[in-house]
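First comes the structure, then the notes that go with it.
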Amino acid sequence: MDKSEKIYKLLSSKFEKDLYEAAIASLNENNNKLRYNNFAYSIRELSRHFLYNLSPEANIFLCTWFSVETEDGKPTRAQRIKYAIQGGISDGILSTFGLNVDELKGSIRSIKSSIDSLNKFTHINPEVFDLSDEDVESLSHGVFSNFESFVELITECRSQLANLLESSIHNQMIDAILKNYFENIDMIAPHHSIDYSEISDYFVSEISHEHIIVNVSGELYVTLEYGSKQERREGDGLDMSESFPFETHIRYEISEDFPNSTYQVDDFGVDTLSWYGDEEELGDD
């Protein structure tokens with residue numbers, strides 16, 4: 001059951017996590033002849049909930065790859081799975097990232113088939129009642145493997161995007177830092193200079209129908225300058241080298257020429273709390 005832990009990465013609400021735990025508890029009721037049936041019903045409903053959360057219907061309609069395949073015009077389960085993995089990115093763009101689009105389509109079919117197969121066990125008849133331990137183990141292993149594949153596809157797609165954007169992220173953050181006004185540094189030292197910055201981490205946090213959102217964090221290195229012009233001329237000024245952490249988001253527009261120059265860096269500041277010390281130190285002064 002180790003694979004079951006990875007499914008937690010898909011679950012965003014307490015309800016989903018509670019439902020998942022209840023499904024696992026049902027599966028582990030070895031003396032219950034309906035244990036796999038109860039598990040199948042719970043997992044099927046759970047898949048419906050998290051797919052709707054991961055893949056908002058209104059967003060899917062706005063994807064360039066979307067086409068109507070149902071009588072009521074709503075997205076299919078396969079389209080919801082596709083959106084959860086790649087958002088509004090077309091297959092053509094994905095292929096430029098080095099992702100095998102044919103393999104991706106095959107994985108989507110497998111995930112959909114795994115969810116669809118659960119229907120068979122929610123309608124109780126002699127063929128699906130009181131399954132053997134071997135059948136329960138085999139069937140549940142297949143479900144967990146496909147859902148694990150789902151998680152890995154989401155992770156792989158975002159990792160490939162982050163690698164592709166690496167050089168762009170560094171250049172765009174340098175530009176954003178040079179243009180930014182850091183009010184909280186100004187409160188510490190009205191006169192200061194920015195020396196350089198370092199990005200410590202970045203990852204794709206979301207792929208929507210129109211944007212790829214990258215979380216960026218790092219450290220800003222500055223020189224704090226104290227003293228009037230005269231004091232500094234006379235050598236009585238003071239320069240202090242300090243560094244402060246920062247965190248922001250870069251939003252890249254999804255288009256056929258991605259990665260392109262169409263991006264936006266969210267407004268951000270730096271965390272200067274370390275400058276003031278903790279509450280105990282402040283209280284002792």
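The values are calculated or read from the model by the stated rules, or taken from the named source; none is laboratory data. Every value quoted in this text rests on a predicted model; they were computed, and no experiment measured them. When we count neighbours, we look across all protein chains shown, and the Cβ atoms used for this are built from the backbone with ideal geometry, even at glycine.
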### Query
Quick check, is residue 212 hydrophobic (A, V, I, L, M, F, W, C), assigned to a strand (DSSP E or B), surrounded by 13 or more Cβ atoms within 10 Å (Cβ to Cβ) and free of Cβ contacts under 8 Å to residues at least 40 places away in the same chain?
no
### Residue in the range 232-251 that is nearest to the chain's Cα centre (by Cα), counting only those that are surrounded by 15 or more Cβ atoms within 10 Å (Cβ to Cβ) and among the small types (Gly, Ala, Ser)
243
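Okay, residues lined up against (1) of a type in the set (A, V, I, L, M, F, W, C); (2) in contact with a Lys or Arg (Cβ under 6 Å, 6 or more places away or on another chain); (3) in the same structural domain as residue 47 (by TED's automatic domain parsing):
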{"position": "189", "(1), (2), (3)": "yes, no, no"}
{"position": "196", "(1), (2), (3)": "no, no, no"}
{"position": "213", "(1), (2), (3)": "yes, yes, no"}
{"position": "253", "(1), (2), (3)": "no, no, no"}
### Message
I'd like to verify a number: residues in the range 212-270 that are closer than 29 Å to residue 63 by Cα, out of contact with any strand residue (DSSP E or B) (no Cβ under 9 Å at 6 or more places or on another chain) and of a type in the set (D, E, K, R), how many?
### Response
2
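Condition check: more than 19 Å from residue 209 (Cβ to Cβ), in a helix (DSSP H, G or I) and in contact with a helix residue (DSSP H, G or I) (Cβ under 7 Å, 6 or more places away or on another chain). Does residue 138 satisfy that?
Details: more than 19 Å from residue 209 (Cβ to Cβ): yes; in a helix (DSSP H, G or I): yes; in contact with a helix residue (DSSP H, G or I) (Cβ under 7 Å, 6 or more places away or on another chain): no.
For residue 138, the condition - more than 19 Å from residue 209 (Cβ to Cβ), in a helix (DSSP H, G or I) and in contact with a helix residue (DSSP H, G or I) (Cβ under 7 Å, 6 or more places away or on another chain) - is not met.
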#### Entry: Residues satisfying the stated conditions in the range 49-68, i.e. surrounded by fewer than 20 Cβ atoms within 10 Å (Cβ to Cβ) and within 15 Å of residue 22 (Cβ to Cβ)
49
### Summary
Pairing a residue in the range 246-261 that is under 21 Å from residue 180 (Cα atoms) and of a type in the set (S, T, N, Q) with any residue that is in a loop (DSSP other than H, G, I, E, B) and at pLDDT below 90, where Cβ atoms lie under 8 Å and the two sit 6 or more apart in sequence or on different chains, gives 248/267; 248/268
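Looking only at residues that are assigned to a loop (DSSP other than H, G, I, E, B) and of a type in the set (S, T, N, Q) in the range 69-96, which one is surrounded by the fewest Cβ atoms within 10 Å (Cβ to Cβ)? Please lay out each step first, then the result.
Taking the range 69-96 and keeping what is assigned to a loop (DSSP other than H, G, I, E, B), we get 69-76, 87-90.
Checking which are of a type in the set (S, T, N, Q) leaves us with 70, 76, 90.
On the way: 70: 9, 76: 13, 90: 17.
In this case the residue turns out to be 70.
Look through 167, 149 and report the one residue that is surrounded by 14 or more Cβ atoms within 10 Å (Cβ to Cβ), assigned to a helix (DSSP H, G or I) and modelled with pLDDT under 85.
Only one candidate qualifies: 149.
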### Query
Can you name the number of the only condition in (1) hydroxyl-bearing (Ser, Thr, Tyr); (2) without any contact (Cβ under 8 Å) to a residue 12 or more places away in the chain; (3) not assigned by TED's automatic domain parsing to the domain that holds residue 265 that residue 145 fails?
(2)
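Just to be sure, is residue 80 modelled with pLDDT under 90, in the same structural domain as residue 125 (by TED's automatic domain parsing) and within 23 Å of residue 207 (Cβ to Cβ)? Give the steps one after another, and end with the answer.
Values: modelled with pLDDT under 90: no; in the same structural domain as residue 125 (by TED's automatic domain parsing): yes; within 23 Å of residue 207 (Cβ to Cβ): yes.
Here the answer is no, as residue 80 does not meet what is asked.
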### Task
Please indicate, with yes or no, whether at least one residue in the range 97-106 is assigned to a helix (DSSP H, G or I), within 31 Å of the chain's Cα centre (by Cα), polar (S, T, N, Q) and in the same structural domain as residue 37 (by TED's automatic domain parsing).
no
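In the list 205, 228, 217, which residue meets the criterion of being small (Gly, Ala, Ser) and at pLDDT 90 or above?
On the way: 205 fails: at pLDDT 90 or above; 228 fails: at pLDDT 90 or above.
Just one listed residue meets the conditions, 217.
Kindly indicate whether residue 202 is outside any helix (DSSP H, G or I) and more than 17 Å from the chain's Cα centre (by Cα). Don't jump to the end; show me each part of the working.
Numbers: outside any helix (DSSP H, G or I): yes; more than 17 Å from the chain's Cα centre (by Cα): no.
Against the criterion (outside any helix (DSSP H, G or I) and more than 17 Å from the chain's Cα centre (by Cα)), residue 202 does not qualify.
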